[in-house]
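**Q** Below is a structure I'd like to ask you about.
Quick note: the coordinates plus some simple rules give every number you see, no bench work behind them. Please read these numbers as outputs of a predicted model, since none were measured by experiment. All Cβ positions, glycine included, derive from the backbone under ideal geometry; neighbour counts span all protein chains shown.
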């Protein structure tokens, strides 16, 4: 079951996550200053694409969710940015066919984890490898598994959030339920939203999807198996942040 975000909610519901204010900046700080051809995978509503393009890079964002891409285009147009610098493509990362070649590619905010089988993961990685220029690199940013959390077969009312959605003119509450899937290392995640409309009527919505989790060595093996030659990893958004067992993130850079 694939993840489909709530386009009207997405920015507001994730605004509280500190690492989303640091991931793109770290990525850009590690790239050459001269303009690069960048590929942003699972780009959603353009959160990563627009700041990359804003500093002079030419960026292509790819996502399979048309509704999120429509929001991305609206955001791009609203700031007067051209499609020549920030282009959006609707495609499945497992089967995408791109004519361009890129200096670097990235997939942020746990998005790689919605590919829950090794065959799907390999298809994505090999597709990316094929569109990278020689010596190009792929960046993957995922959470480092919390052993205590993944040992629990069921978690209800996790990660409660309250956020204001301008298009609704009201605040929305989000609760998360997590269930162990039938297959190993699979979690069934449900985001449950509740709010009141302008007439005071209670409203509900939900998003359900499957995701996996990966340990650092697993991710490194997947990257090498797909054909990447060298892998480096960080545990935070600092050049000196060595990946540790208790790091909150796994930030991997793999070279072609």
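**Q** Under the 0.36 nm per residue contour assumption, what length would be gained going from the current alpha-carbon distance of residue 18 and residue 225 to full extension? Don't skip to the answer; put the middle values down first.
**A** Values: separation 207, 0.36 × 207 = 74.52 nm, distance 3.24 nm.
Computed gain between residue 18 and residue 225 is 71.3 nm.
**Q** Taking all pairs of distinct Cα atoms, average 1/r, flip it, and tell me the Kirkwood hydrodynamic radius of the stretch 147-211 in Å to one decimal place.
**A** 13.1
**Q** What three numbers, in Å, describe the spread of the alpha carbons of the stretch 155-256 along their principal axes, ordered from the longest?
**A** In descending order, the Cα extents are 58, 35, 26 Å.
**Q** Let me ask you something else. Rounded to the nearest 5, what % of the DSSP beta bridges within the chain are antiparallel ones?
**A** If we restrict to bridges inside the chain, about 70 percent are antiparallel.
**Q** Compute the distance in nm between two label points, each set 7 Å from the Cα along the Cα-to-Cβ direction, one at residue 167 and one at residue 89.
**A** Once both label points are built, they end up 2.6 nm from each other.
**Q** Let me ask something else. Can you grab the distance from the C-alpha centre of the stretch 139-187 to the C-alpha centre of the stretch 22-44, Å, no decimals?
**A** Comparing the Cα centres of the stretch 139-187 and the stretch 22-44, I get a distance of 26 Å.
**Q** Only Cα pairs within less than 10 Å get springs; with that Gaussian network setup on the chain, which residue of 165, 49, 79 has the largest fluctuation?
**A** 79
**Q** Rounded, prolate or oblate, given the Cα gyration tensor of the stretch 88-223, with a/c below 1.5 counting as rounded?
**A** oblate
**Q** By how many nm would the segment from residue 183 to residue 135 grow when fully extended, if each residue of separation counts as 0.36 nm and the alpha-carbon distance is taken off?
**A** The span from residue 183 to residue 135 would gain 13.7 nm if fully extended.
**Q** Hey, another quick one. Could you state, as a whole-number percent, how many of the C-alpha pairs of the chain are farther apart than 31 Å?
**A** Details: 7895 of 32640 pairs.
So the pairs more than 31 Å apart make up 24 percent of the total in the chain.
**Q** Continuing with the same structure: What's the ranking of 248-254, 173-179, 40-46, 195-201 by average number of surrounding C-beta atoms within 10 Å, highest first?
**A** In decreasing order of mean packing, 248-254, 173-179, 40-46, 195-201 become 40-46, 248-254, 173-179, 195-201.
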